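**Q** Starting off with a structure, shown below.
The values are calculated or read from the model by the stated rules, or taken from the named source; none is laboratory data. In this text, all values refer to a predicted model and were calculated from it rather than measured experimentally. Note that each Cβ is placed from the backbone with ideal geometry, even for glycine, and that neighbours are counted across all protein chains shown. Note: accessible area is taken over every heavy atom of the protein model, side chains too, but ligands, DNA and RNA are not part of it. Shrake-Rupley method; radii C 1.70, N 1.55, O 1.52, S 1.80 Å.
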Amino acid sequence: MFLALLFLMKGAEAQNKLALTITPPIIKNNISPGQIWKSYIKVVNNNDEEIAVYVQLVNFDTNGEVGTVKLEPKSEAEISGNDQLINNWIVIDRGPLKIPANKSLEIPFIVDVPDTVDPGDHHIVFLIGTMPNEASNAGSSIKISSMLGSLLLLNVSGDVKESGVIREFSSDKRFYGSGETNFILRFQNTGNTILQPQGEIKIIDFRGNVKGLVNINHNTSSGNVFPADIRRWQYTWPVPSSLLETGRYQAQMILTYGNVAKETTEQTLYFWVINWRPLLMIVGSILFVIFLIIFLVRRYIRKMIQSSNEQHEENKTVSASLPNRPRIIDDMYTVVDLKGKAKTTATSSSKKSKKKMSLSLIEKIIYIVLAAIILASAVFVFYYFDTMETGHTPIKEIEAVPTEPSNMN
């Protein structure tokens with residue numbers, strides 16, 4: 001029993017390693033009621049042995065805002081006789097289709113659109129696998145199927161409504177010091193056909209120079225938004241690291257969508273780039289220089305006061321050593337009140353004047369620094385509230401550009 005179980009596990013593991021490739025992953029086309037359109041799907045066998053593949057047509061719906069889909073198979077009773085379902089328009093060989101080792105196979109299909117079909121979006125997925133539909137539904141603990149999908153998105157012409165609105169254009173933060181900015185774009189399709197918004201996000205610095213450009217859905221078949229759905233994208237832009245790049249930035253987003261009549265919408269948001277580390281180093285250096293100057297000035301004043309006191313004491317000593325010489329009292333250095341008591345001497349008067357001069361100089365420096373900080377804060381607050389985001393910019397219509405149905409071969 002152990003050997004038999006090991007053999008089955010090895011067989012399942014070998015089949016699980018089957019490698020297939022399918023192209024294109026997404027097929028899009030504009031088509032008219034009553035039109036017949038032919039195309040194909042290419043399947044590549046990347047294995048060293050021949051394999052047989054099977055084709056299934058499975059309906060699907062969107063799953064969330066990140067662009068994933070969830071399969072929603074319909075029963076034969078739901079499909080039969082319903083011309084509005086794309087399942088009834090497609091003719092394709094369901095298999096088994098054999099593909100030689102390391103070879104590819106083109107699987108043709110035909111789309112025959114009924115005359116009574118509703119205009120707008122119609123979609124389905126081709127599932128290509130190594131197990132038939134009946135076996136995969138029955139389930140098996142031994143056989144493991146490798147399956148890939150190709151989405152078919154058809155836009156049937158007629159009374160098509162192409163409209164959409166930007167639900168969100170924002171950044172994850174207001175202030176950036178390093179790393180990357182993260183822009184979030186959420187777009188809702190309010191029409192009845194698939195839209196693929198395309199555009200760009202232009203980054204402009206405080207000098208008016210363009211510092212970056214982020215493309216939206218350029219040169220890609222993805223980015224489709226189904227009717228009544230909201231699609232979310234996230235884009236990044238590296239924050240400049242230079243101190244000279246510090247300031248207020250704006251991100252201008254322009255988005256265009258629609259096949260029949262091109263429409264565009266645009267929005268602008270603001271953010272700040274503040275390189276904290278070099279800025280703190282510079283501010284710290286300036287404060288250090290200011291405190292050093294204050295310290296040196298106070299030290300110089302104390303030294304001058306001490307020198308003046310020593311000179312005064314020396315003069316008193318010399319005067320005392322000469323008893324026969326009359327003592328000269330300078331009224332300018334002696335203050336006497338009306339009661340006859342000496343209020344102060346030249347030493348105390350000089351010391352007070354020096355201290356007053358020292359405090360006055362320090363106060364002036366402190367006031368200048370505080371005024372500069374308050375002014376810079378006021379300018380920053382003014383710019384911050386001045387750049388608060390407003391409502392969405394209204395959608396404006398561009399000249400209609402009619403398009404003809406195209407064939408994809």
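**Q** Sticking to Cα atoms, compute the Rg of region 14-92 to one decimal and its Dmax as the biggest Cα-Cα distance, whole number, in Å.
**A** When restricted to the Cα atoms of region 14-92, Rg and Dmax are 16.0, 46 Å.
**Q** For a Förster distance of 25 Å, can you work out the FRET efficiency between the beta-carbons of Ile366 and Phe175, rounded to the nearest 0.05?
**A** Working: r = 28 Å, r/R0 = 1.14.
Between Ile366 and Phe175 the formula returns 0.30.
**Q** Tell me, in nm to one decimal, what length is gained between Ser75 and Arg232 on full extension, where the rule is 0.36 nm per residue of separation less the Cα-Cα distance? Show your work: numbers first, answer last.
**A** Details: separation 157, 0.36 × 157 = 56.52 nm, distance 3.17 nm.
So the extension gain works out to 53.3 nm.
**Q** Something else about it: When all protein chains stay in place, what accessible area (Å², nearest 10, 1.4 Å probe) is found for His218?
**A** 80
**Q** Okay, moving on. Would you check the accessible area of Thr268, probe 1.4 Å, heavy atoms only, in square angstrom rounded to 10?
**A** Accessible area of Thr268: about 60 Å².
**Q** Suppose accessible area is computed on protein heavy atoms with a 1.4 Å probe; arrange Ser178, Ser39, Ser285 from highest to lowest. Present the calculation step by step, with values, prior to reporting the outcome.
**A** Details: Ser178 85, Ser39 15, Ser285 65 Å².
My answer, sorted largest first, is Ser178, Ser285, Ser39.
**Q** Cα atoms only: what Rg and Dmax, in Å, come out for region 204-273?
**A** Rg and Dmax of region 204-273, Cα atoms, are 15.3, 48 Å.
**Q** Solvent-accessible area of Tyr367, probe 1.4 Å, all protein chains present, reported in Å² to the nearest ten, please.
**A** Approximately 140 Å² of Tyr367 is accessible to the 1.4 Å probe.
**Q** Still on this structure, please answer the following. Spin-label point model (7 Å from Cα, Cβ direction): what's the Val283 to Lys98 distance in nm?
**A** The answer from the label model is 7.7 nm.
**Q** While we're here: Going through the cross-link list Lys70/Lys202; Lys173/Lys211; Lys38/Lys98, which pairs have a Cα-Cα distance over 28 Å in this structure? Please report the intermediate quantities before stating the final value.
**A** Values: Lys70/Lys202 34 Å; Lys173/Lys211 19 Å; Lys38/Lys98 22 Å.
In this structure, Lys70/Lys202 exceed 28 Å between Cα atoms.
**Q** At Gln250 and Glu313, where each label point lies 7 Å from the Cα along Cα→Cβ, what is the point-to-point distance in nanometres?
**A** 7.0
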